[in-house]
Amino acid sequence: MRIAAEYTDLHFRGEYWQAPQEYLNLTKLSIYTVPKYPEYPFLDPHWIVRVDGKREVGPNAVPVFSPYAYSLSTNIRYLIPKLFETSRTGARRILFDRQFLLLASSELKSSFSKTAMINRAREFLPQLRPSAFTQRGTAGIRSSLVDRNGKFVDDTQIVKNEYSLHLLNYNSPGATGALPIAAMVANKILEDGILTRPNSGISRTINYKKPIWDIAEISQNILASAS
């Protein structure tokens with residue numbers, strides 16, 4: 001689409017371990033730690049209470065070479081193209097960032113070692129025993145934007161041109177911000193008149209019935225509460 005050419009992206013696979021039955025009543029709520037290095041996309045694994053009642057430890061953030069790199073073969077296939085792309089953009093500076101490389105190696109360790117992964121959560125839940133965890137959870141891959149200066153972009157970016165609107169850098173593994181972000185995107189489309197633009201060459205009268213989810217009202221309320 002010839003937009004956002006000043007960015008590239010790096011990919012990180014977040015992995016989880018499902019907690020066994022004996023830990024289901026350990027807490028009623030999730031526990032999220034404050035990131036030690038907020039300038040990097042590495043989060044210490046959380047204790048997660050899922051909506052279906054299951055408990056999980058995760059995610060880590062293992063560097064991979066594609067947004068679809070859930071297997072070794074896919075990683076190998078995209079290795080050379082991604083390294084070539086990275087070498088031509090600001091992201092190449094990250095490859096020489098000592099702090100980033102140290103954190104990345106720690107994430108790789110937690111991917112290969114269940115004990116290393118669970119021990120990170122034991123800092124705030126010492127009752128956890130790595131040997132009790134036997135089943136992996138579902139992994140997900142996040143793609144983090146990197147600007148021309150080799151810095152990770154903190155916020156979600158909405159980029160528009162005349163014919164399209166793009167949502168970039170939305171990194172929420174559990175989609176916890178999906179509804180507010182959707183309302184913000186819908187509001188941008190409403191502001192541009194795209195949703196109310198009549199079909200060209202068609203003359204007809206449409207009786208609109210207000211839906212349960214009024215996009216304009218919701219998006220305006222969210223924007224008002226944030227200001």
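A short reminder: the numbers here are calculations on the coordinates, not readings from a lab. Predicted model only: the values in this text are computed from it and were never measured. We place every Cβ from the backbone using ideal geometry, glycine too, and count neighbours over all the protein chains shown.
Quick notes on this one:
- Taking amide H atoms as placed 1.01 Å from N in the peptide plane, the amide H of Gly137 lies under 5 Å from those of Tyr16, Trp17, Gln18, each 5 or more residues away in sequence or on another chain.
- Remark: the Ser106-Leu190 segment gains 25.8 nm on full extension, using 0.36 nm per residue and subtracting the alpha carbon distance.
- Across segment 8-153, the mean sequence separation of Cα contacts (distance under 8 Å, 6 or more residues apart), normalised by length, yields a relative contact order of 38 percent.
- Added length on full extension, which subtracts the Cα-Cα distance from 0.36 nm per residue, Lys28 to Gln157: 43.1 nm
- Within segment 72-168, chymotrypsin sites (Phe, Trp or Tyr not before Pro) in DSSP loop having at most 14 other beta-carbon neighbours inside 10 Å: Phe124, Tyr163
- Think of it as helices only: each DSSP H run of n ≥ 4 in the chain is worth -39500 (n - 2.57), and spread over all residues that comes to -9000 deg cm²/dmol at 222 nm.
- The chain shape via C-alpha gyration tensor axes, a/c threshold 1.5: oblate
- Greater than 19 Å apart at Cα, pairs in Lys160/Lys188; Lys28/Lys54; Lys36/Lys82; Lys36/Lys151: Lys36/Lys82
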